[in-house]
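Undergrad: Supplied in structure tokens, the structure appears directly below.
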Amino acid sequence: MEQDIKKVLISEEEIREKVAEIGARISEDYAGKNLLMVGILKGSVVFMADLMRAVTTHARIDFMSVSSYGSGTKSSGVVKIVKDLDNNVEGYDLLLVEDILDSGLTLSYLRELLRDRHPNSIKIVTLLNKPARRTADIQPDYCCFEVPDEFVVGYGLDFDERYRNLPYVGVLKEEVYQG
Ligand code: XMP
Ligand code: MG
């Protein structure tokens, strides 16, 4: 697995420090609120596991799984819910937890869909932000790192369902894509 990585973009240590910092900010901002952290499967699982432990106020968690109708590494903005939330979100302060905000199409679709269910508030936290490829009008409220326009894997992010278990974020070698 390691030999497929061209370079380490964000190390374990950098991730650990930044997640602690963002977790502390969220803890402050959500004190006294009704926080529900919503992880978008599967890319968010590693980030969610670390971030939720960096939050020191009461927090609930839930997960949604969506599939984009787009193919490969691009998303189309048309999203199918594969697994919905377990509970009603009315009265909750939702924090959508995502691995990466890329075109933004997936999250802007999801945000609209969840808005219609009348939560108290909706915000977005992403591990990564790739503003170069944004087409939807959406920004993360909290973001750990900005990344350049390269396909990144690790710490939850996959290529063809692999590399999610790398403990850092890295860039794949071209020959891995090209097969
Ligand atoms: P957007 O914002 O384009 O992103 O709707 C939707 C989903 O696409 C995935 N994605 C990536 N996955 N490396 C990955 O492993 C990347 O560089 C990358 N860019 C987008 C990701 O699952 C995101 O939720
Ligand atoms: Mg994802």
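The values are calculated or read from the model by the stated rules, or taken from the named source; none is laboratory data. Please read all numbers here as calculations on a predicted model, not as lab measurements. Ideal geometry is used to build each Cβ from the backbone, glycine not excepted, and the neighbour counts take in all protein chains shown.
Undergrad: Tally up the residues in region 80-100 that are closer than 12 Å to residue 35 by Cβ and in contact with a Phe, Trp or Tyr (Cβ under 7 Å, 6 or more places away or on another chain), please.
TA: The total comes to 2.
Undergrad: In this structure, is residue 125 under 20 Å from residue 13 (Cα atoms) and part of a helix (DSSP H, G or I)?
TA: In short, no.
Undergrad: If you go through region 41-56, how many residues are of a type in the set (D, E, K, R) and either within 10 Å of ligand 2 (Cβ to nearest atom) or touching an Asp or Glu at 6+ places or on another chain (Cβ under 6 Å) (or both)?
TA: Matching residues across region 41-56 total 1.
Undergrad: Something else: Quick check on region 132-144. Is at least one of its residues of a type in the set (Lys, Arg), under 25 Å from residue 24 (Cα atoms) and either under 17 Å from the mean Cα position of the chain (by Cα) or crowded, with 16+ Cβ neighbours inside 10 Å (or both)?
TA: So far as region 132-144 goes, no, none of its residues is of a type in the set (Lys, Arg), under 25 Å from residue 24 (Cα atoms) and either under 17 Å from the mean Cα position of the chain (by Cα) or crowded, with 16+ Cβ neighbours inside 10 Å (or both).
Undergrad: Collect the residues in region 83-117 that are within 12 Å of ligand 2 (Cβ to nearest atom) and aliphatic (A, V, I, L, M), keeping them in residue-number order.
TA: Those that are within 12 Å of ligand 2 (Cβ to nearest atom) and aliphatic (A, V, I, L, M): 96, 97, 100, 101, 105, 107, 110.
Undergrad: Identify the residue in region 81-96 that is at pLDDT 95 or above and part of a loop (DSSP other than H, G, I, E, B) and, among all such residues, is nearest to residue 66 (Cα to Cα).
TA: My answer is 84.
Undergrad: Which of the residues spanning region 152-171 are away from ligand 2 (no atom under 13 Å from the Cβ), not polar (S, T, N, Q) and not in a strand (DSSP E or B)?
TA: If the condition is that a residue be away from ligand 2 (no atom under 13 Å from the Cβ), not polar (S, T, N, Q) and not in a strand (DSSP E or B), then 160, 163, 166, 167, 168 are the ones that fit.
Undergrad: Kindly provide the set of residues from region 127-172 that are under 22 Å from residue 109 (Cβ atoms), near ligand 1 (Cβ under 10 Å from one of its atoms) and hydroxyl-bearing (Ser, Thr, Tyr), ordered by number.
TA: Matches in region 127-172: 135 only.
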